[in-house]
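Here, each number is a calculation from the coordinates, and none is a lab measurement. Being a predicted model, the structure only gives us computed values, none of them experimental. Reconstructed Cβ throughout: ideal geometry from the backbone, glycine too, with neighbour counts over all protein chains shown.
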Amino acid sequence: MTQPAFIGIDVGTSSIKVVAVDPTGTLLAIASSPMTVDVQKPGWSEQRPEDWWVGTCAAIRQALSEIDSPEVLGVGLSGQMHSLVALDSDQQVVRPAILWNDVRSSAEAAYVRETVGDESLRRLAGNPALEGFTVTKLLWMRNNEPDKYERVAHMLLAKDYIRFRLTGELGSEPSDASATLLFDIVTSQWSDEMCELLGIDTDILPSISGSADVVGAVTSAAVGETGLAEGVPVVGGGADNACAAVGAGIVSPGDALFSVGTSGTVVAPSDAPVTDPGMRIHSMRHAIPSTWYLMGVVLSAGAALDWWRRSSGGASFDELVVEAGSTSAGSDGVTFLPYLTGERTPHADANARGAFFGMHGGTERAHMTRAVMEGVSFALRDSLELMTDLGVNPAEAVAVGGGASSGVWLQMLSDIANLPLRTVGPSEGAPLGAAMLAAVGADTFDSVVDAGEAWLTNLESVEPNASLRGAYDEAYGRYRALYPALREMFASNAG
């Protein structure tokens, strides 16, 4: 007897993660390979695509070794957004991948804003021109590595490179393409107008297929390295945030995803493209046909609490959270800005930094811990408020990530967002979503909605405490007032 399985692969920054799931949604195996980031200069962040491939092969082999007589029915892919993979005409890597969190391309981002203009950026790409987006990295290559840039024949994103190594096929799909700033999120096609304005040759852009479409099959060349059988179908997959949403069942208007990991995100699907006139929030294609999502990004979420844990005596996460839970909403007037590495939504300010405000003689570590947790939650509320202003109104949300594992933080986030929150299992996020897409591509399910209903189970639910609404609204008002008061100081301090 063989054990049927779907494989989901997530090409993350810190690790490659692989899950194997049977057709009923039972997790059969989880495996990962650690990744390191090369920081050659301040603000730079690179990885070798070959290391992704080696790590992917090792994780697949490990997962398969934990299953008796595995029969893989399909492979789905997820990966870090924005990261630039450049191949030459022989399909060889030109240079290490420039990652999503690399900020060397500030001048190129400014060039895009000046050349295209905010109105055209909204119309053509639906997103602001920031250093994170792929096109700014491509333009940096053009300006700083012209010899290498001249060799670029193909531009891929992280998961698409793994697709290429598995199947020999070059391509991408809408959710990841949306993060390049060269993709029209309305028509779901590459924008010829954007490419013309920026002088980008459209021939280097990969073809676009659906996230659950079968885009190739495992080649004989990949069999020996991965342990997969030749001919196993591979689907297009999705960007990590889109796949994380799929893996949590966040696929329809009215849903939302609150992710409290190292960074934080709020994702809310919509059935039509929605763009912010001020472009303070991102608008992307979902990994589902005829669906979009708004996304807000908090650069330091769990990372902020981890920084505080290390800086305040090294107490454990659990000890700090218990202390914080013993204090009252609003942290006795202490407010924390979690902008340790700048901020994305809503400020898009790389110069912003963390700050405590309102300490007094009675302030204790517990108040400051709670202020850190509240500050991250307020930053997530910033994104939610932008979404509601744009007419995207979630009725409830699923919380994922390390923060969601804390009952104290889960309740706090529900109170601050004024939304019911729940957690779901299996809680494997993006690779689980990739496996769901593979199951849809293999016709095991008609849609990701059906896959989610079959595979996901509600674990914990909390409702917002109405009696705390006033205290949190007051504390949120203090939080909102701090950044404008400090913005010029942040800028002068950076200079």
Rounded to whole Hz, the Karplus (6.51, -1.76, 1.60) HN-Hα couplings of region 27-43, x for glycine and proline: 6, 9, 6, 9, 9, 8, 10, x, 10, 10, 10, 8, 10, 6, 9, x, x
Percent of beta bridges antiparallel (DSSP, the chain, rounded to nearest 5): 70
Around Val398: net Lys/Arg minus Asp/Glu count, Cβ-Cβ under 12 Å: -2
Mean ellipticity per residue at 222 nm, deg cm²/dmol - from DSSP H runs of n ≥ 4 across the chain, formula -39500 (n - 2.57): -11500 deg cm²/dmol
Region 338-438, dipole about Cα centre (Lys/Arg Cβ +1, Asp/Glu Cβ -1), debye to the nearest 20: 220
Alpha carbon centroid spacing (whole Å) that separates region 197-259 from region 350-404: 32
Ranked Thr291, Thr202, Thr56, criterion: other C-beta atoms within 10 Å, fewest first: Thr202, Thr291, Thr56
Placed amide H near Leu459: partners under 5 Å, 5+ positions off or other chain: Thr423, Val424, Gly425
Karplus-derived HN-Hα couplings along region 200-210 (A = 6.51, B = -1.76, C = 1.60, θ = phi - 60°), whole Hz, x at Gly and Pro: 9, 6, 5, 5, 7, 7, x, 5, 10, 10, x
Net +/- balance of residues flanking Phe6 in space, Cβ distance below 11 Å, scoring K and R +1, D and E -1: -2
Pairwise centroid distance, computed over Cα atoms, of region 279-338 with region 37-62, Å: 26
Sorted by Cβ neighbour density within 10 Å, fewest at the top, the residues Ser283, Ser447: Ser447, Ser283
Sorted by Cβ density within 10 Å, fewest first, the residues Asp10, Asp118: Asp118, Asp10
Interchain or long-range residues, amide H under 5 Å from Ser270's placed H: Trp292, Tyr293, Leu294
Shape call, region 183-283: gyration tensor on alpha carbons, a/c limit 1.5: oblate
In sequence order, calculated HN-Hα J values of region 328-341 (Karplus, 6.51, -1.76, 1.60; Hz; x Gly/Pro): 9, 4, x, 6, 6, x, 7, 10, 10, 9, x, 8, 5, 10
